[in-house]
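The values are calculated or read from the model by the stated rules, or taken from the named source; none is laboratory data. All values reported here derive from a predicted model rather than from experimental measurement. Because the Cβ atoms are built from the backbone with ideal geometry, glycine has one as well, and the counts that use them run over all protein chains shown. Please note that ligands, DNA and RNA were not included when accessible areas were found on the heavy atoms of the full protein model with its side chains. Shrake-Rupley method; radii C 1.70, N 1.55, O 1.52, S 1.80 Å.
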Amino acid sequence: MSKEISKTQIDRLGDRLKQGNISEDDLRLLDQYRLSFTEAYEVVVGTIRKELGLEPTGRPAKSTTSISDKLRRESIRLTQIQDIAGCRLIVADIANQETVVKSLNSLFERTMVVDRRQNPSHGYRAIHVIVNYSGKLIEIQVRTSLQHLWAELSEKFSDVIDPAIKYGGGRENIRTLLLRISEAVAEVEKAEAEVASVQALSSQENIEDDIKQEIARMQETVISLRHQALDLIQRTMDYAVKVEGEKHDLSD
């Protein structure tokens, strides 16, 4: 980048994006701003790979439309947007999610954690770790496998029916369905956390047979709940794909 962009320039650009008054110069300036995150992004991803042995997946670049919509929806400045650049880590379950988040907080000096599990955003559940590297905010989404499947389902409905679905808009029946599935995921992961907690307490001493049996029953419950959640997600995704196919048929 030939010239550093000032914070004032960026926020004024954000004001124009929010109003919809976008010129070719503005688009070039926005591209320049997005590119300014490249070094920080590569350092964060490289550090995760080297120190944690994990493989982050890149997220699609945040589009001009997405940035403009977010500025309007959340009434924030462009320099305050935390996910201009970022990556994603998908882990097996809630216990692994907790472990990875702790590792990320230890790995980077300046971090902020946004936990969207207790207070989901329109059904979206995950933990976001925001790393501040040299003044650039890089978002690391840490999702369990079930949280990720839910997010993909929400994205699918947003693509084929209405982009507003991700933000609490769109058709009520779809919003209700996504919230129901999100609650099913939460139920599974609450049960997983309870099993992990009991196992951690009991592993420090010889446990009696009745406690072993109780742990086994809890594990069976988790497996059953997980299968139910996965089945509901799959059936709902099949429905979304069917809707997408019908829309394509009508457009032919």
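Per the listing Ala191, Ala164, the residue uniquely outside any loop (DSSP other than H, G, I, E, B), open to solvent by less than 50 Å² (accessible area, probe 1.4 Å) and out of contact with any Gly (no Cβ under 8 Å at 6 or more places or on another chain) is Ala191.
Which one is nearest to Arg73 (Cα to Cα), of the residues in the stretch 1-21 that are in a loop (DSSP other than H, G, I, E, B) and open to solvent by 70 Å² or more (accessible area, probe 1.4 Å)?
Per the criteria, the residue is Asn21.
On the stretch given as the stretch 167-176, residues that are out of contact with any His (no Cβ under 9 Å at 6 or more places or on another chain), surrounded by fewer than 19 Cβ atoms within 10 Å (Cβ to Cβ) and assigned to a helix (DSSP H, G or I) total 3.
Scanning the stretch 128-142 for residues that are surrounded by fewer than 20 Cβ atoms within 10 Å (Cβ to Cβ), assigned to a strand (DSSP E or B) and among the polar types (S, T, N, Q) yields one hit, Asn132. Residue count for the stretch 74-86, restricted to those that are of a type outside the set (Val, Ile, Thr) and either buried (at least 17 other Cβ atoms within 10 Å of the Cβ) or closer than 24 Å to Trp150 by Cα (or both): 6. For the stretch 22-51, the set of residues classified as aliphatic (A, V, I, L, M) and surrounded by fewer than 14 Cβ atoms within 10 Å (Cβ to Cβ) consists of Leu27, Leu35, listed by residue number. Scanning the stretch 49-102 for residues that are in contact with a strand residue (DSSP E or B) (Cβ under 7 Å, 6 or more places away or on another chain) and of a type outside the set (A, V, I, L, M, F, W, C) yields Pro56, Thr57, Gly58, Arg59, Gln82, Asp83, Gly86, Arg88, Asp93, Gln97.
Which residue out of Leu89, Leu104, Leu71, Leu54 is open to solvent by less than 40 Å² (accessible area, probe 1.4 Å) and not in a helix (DSSP H, G or I)? The conditions single out Leu89. Residues satisfying the criterion are absent from the stretch 110-125 (criterion: surrounded by 17 or more Cβ atoms within 10 Å (Cβ to Cβ), hydrophobic (A, V, I, L, M, F, W, C) and within 23 Å of Ser197 (Cα to Cα)).
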